[in-house]
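Inspection log for the structure reproduced underneath, given as structure tokens.
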Amino acid sequence: MEKKVVEHVALLASLSLSQKEIKKFQKQLTDILAYIGQLEELKTQAVEPTSQVTGLKNVFREDESRPSLSQDEVLSGTKKVHNGMFKTKAIFE
Amino acid sequence: MKKLNQLTIKEAREGLRKKKFSSLELTRTCLERIKRLDKKIKAFLTVSERESLEQARKSDKILNQPPVATNRQVLLGIPVAVKDNFCTEGMRTTAASTVLENYFPVYDATVVQRLKEAGAIIIGKTNMDAWAHGSSTETSQFFTTRNPWDLGRLPGGSSGGSAAAIIADEVIGAVGSETAGSIRQPAAWCGMVGFKPTYGRVSRYGLIAMASSLDSPGPMTKTIEDAAFVLQALAGQDKMDATTSPKEVPDYLMALEKKLPGLKIGIPKEYFLEGMNKEVVAVVQGAIKVLEKLGMRIKEVSLLDPQYSVAVYTILQRSEVSSNLARYDGLRYGNDRASFGEEAKRRIMLGTYALSSGYYEQYYLKAQKVRTLICQDFDRVFSQVNLLVAPTSPSVALKVGASLDDPMFGEIQDILVEASTLAGLPGVNLPCGFSKEGLPIGMQIIGPQFSEELLFQAGHAYEQATDWHKRRPKLT
């Protein structure tokens, strides 16, 4: 797998990889994809895909609010809070 | 005379109700066992001593009331271990990853709620492969759990901690989760009962998601009857998980008392792999003969080559993993994505690639279509037989270090369980013998969706005719 493909995938996945990791993944991902290639042996032109096996459809509930978490509970997982909100890096200048 | 920590759930329930001992004594004995042994076995990431003793005292108060109050709570006063990917409110939950090393959930998973409603005492959280990525428990970012039968070997995974805790008699019952083999395989390597229910039988709400179309919580116990007690507490529709089944939960315990129906058992010839460990083959074939003596009709059947399910599973699981792990941004809880271990990164990378523009049809869509073929294959076979029996794992417990540097270790170890998990089928591992070196060997029984009662009946009949489930490793 080309280095720039690995770098692009890492960008999509928000993972910062070291040069060593990129090299390792180039080889490992190539090997894994080669192994998976055997699926080409099976004919699936007329086959419908299965995304889940429950057979359930349209599992809905009434659009009514229910007890949920308090703001304090939600914010309790991190110290990076400000005025009752999560702090994050700016994405606009 | 058994020590209290050596009891099964059934024996503990009886003893508690007959007032032979208290839940406090039972819980204390387990805690002492954990204190003494767990530095060698390393099954637990978190032990909740104060809270579990408090719960034990509360249970004893209830147990001292008339029986009508206690009968609904099937696990009242029983100490259980919970795999560390189930959210436990106020109790650290890590999924064995440093990303969540200081994560304290603000809610309980439905599985945990139902355990509590059933009166169980959650004694602690067990070690696992980080994010459930693995079949060894070696990818835990904290430490590797050891197989109690041979401390130089792996317990299997990803529910290795729960398996080890049970077979080492550190707890009376345990819960694990399976995405492809993570309940059945460590159960096979540790010589105990691992029950993976039908997908959708038990709620995934609060289970740290690995592959959403596959994850199945389930019991890990000392006997098949114990598994029925636990599943009775856990099973059933949940408003918080739209993939749970609206099907009524049968009385599993009553099913165990019914006469075994005439059963046709299919033995898939493709599951006796070329080059597989000969002892595993011999021991499982011996177990099949026992099933025959019990009156079950044995018939050879043919299934799609399991190697295809490895490929399908690898793509679908890693794709769903890449999506489910996208939420860990370190902003609202946990550490940031730099804390992911190598195995997690590798799976995220492959999954992201398989779902990305230009590759989606070739990999993910193709895998979904072959998944349909796998489901149809099982439907075909289950029109001829009631249940399938096969080895659970192609090998016995491997040595510590065996999984490192093998980018597909997990998927290849789980070759005999992946097809059934892709089809959402229930399966149970039963210990059925040992290798010459004294390592456990397991056989699995697989059934159609929602055939848990049949699995319990067949498994119970096998257990009553054998004593493998009574064997324990020598631990001092």
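One table, with the values for the structure above:
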quantity: Qualifying positions in the stretch B:407-417 - part of a helix (DSSP H, G or I) and away from chain A (no Cβ under 13 Å); calculated: B:413
quantity: Any hit, the stretch A:53-72, residues being without any contact (Cβ under 8 Å) to a residue 40 or more places away in the chain and within 22 Å of the chain's Cα centre (by Cα); calculated: yes
quantity: Matching residues, the stretch B:98-130, being within 14 Å of another protein chain (Cβ to nearest Cβ) and either surrounded by 23 or more Cβ atoms within 10 Å (Cβ to Cβ) or under 16 Å from the mean Cα position of the chain (by Cα) (or both); calculated: B:99, B:100
quantity: Evaluation of residue B:196 against (1) in contact (Cβ under 8 Å) with a residue 24 or more places away in the chain; (2) surrounded by fewer than 21 Cβ atoms within 10 Å (Cβ to Cβ) (one fails), failing number; calculated: (2)
quantity: Restricting the stretch B:367-397 to residues that are without any contact (Cβ under 8 Å) to a residue 24 or more places away in the chain and at the interface with chain A (Cβ under 10 Å from one of its Cβ atoms), the residue that is farthest from the chain's Cα centre (by Cα); calculated: B:369
quantity: Unique residue being within 14 Å of chain A (Cβ to nearest Cβ) and either polar (S, T, N, Q) or out of contact with any Leu (no Cβ under 6 Å at 6 or more places or on another chain) (or both) when the list is B:288, B:315, B:267, B:298; calculated: B:315
quantity: Residue in the stretch A:79-92 that is closer than 20 Å to residue B:320 by Cα and of a type outside the set (A, V, I, L, M) present; calculated: no
quantity: Test: residue in the stretch B:203-224 that is assigned to a helix (DSSP H, G or I), under 18 Å from residue B:80 (Cβ atoms) and not aromatic (Phe, Trp, Tyr); calculated: yes
quantity: Unmet criterion (only one of (1) loosely packed, with under 13 Cβ neighbours inside 10 Å; (2) facing another protein chain (nearest Cβ under 7 Å)) for residue A:4; calculated: (2)
quantity: Boolean, residue A:64 is modelled with pLDDT under 90, among the charged types (D, E, K, R) and either farther than 23 Å from residue B:179 by Cβ or not in a loop (DSSP other than H, G, I, E, B) (or both); calculated: no
quantity: Residues satisfying the stated conditions in the stretch B:334-359, i.e. part of a helix (DSSP H, G or I), free of Cβ contacts under 8 Å to residues at least 60 places away in the same chain and within 7 Å of chain A (Cβ to nearest Cβ); calculated: B:338, B:345, B:348, B:349, B:350, B:352, B:353
quantity: Residue match in the stretch A:62-75 (condition: farther than 30 Å from residue B:105 by Cα, surrounded by 12 or more Cβ atoms within 10 Å (Cβ to Cβ) and either within 7 Å of chain B (Cβ to nearest Cβ) or of a type in the set (A, V, I, L, M) (or both)); calculated: no
quantity: Matching entry among B:37, B:53, B:75 (being in contact (Cβ under 8 Å) with a residue 60 or more places away in the chain, of a type outside the set (S, T, N, Q) and part of a helix (DSSP H, G or I)); calculated: B:37
quantity: Residues satisfying the stated conditions in the stretch A:8-26, i.e. farther than 16 Å from residue B:355 by Cα and either touching a residue at least 60 places away in the same chain (Cβ under 8 Å) or more than 9 Å from chain B (Cβ to nearest Cβ) (or both); calculated: A:18, A:19, A:20, A:22, A:23, A:26
quantity: Matching residues in the stretch A:42-56 - criterion: being surrounded by fewer than 16 Cβ atoms within 10 Å (Cβ to Cβ) and modelled with pLDDT under 95; calculated: A:43, A:45, A:46, A:51, A:52, A:55
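The values are calculated or read from the model by the stated rules, or taken from the named source; none is laboratory data. Only a predicted model underlies this, so the values are computations on that prediction, with no experimental measurement involved. Because the Cβ atoms are built from the backbone with ideal geometry, glycine has one as well, and the counts that use them run over all protein chains shown.
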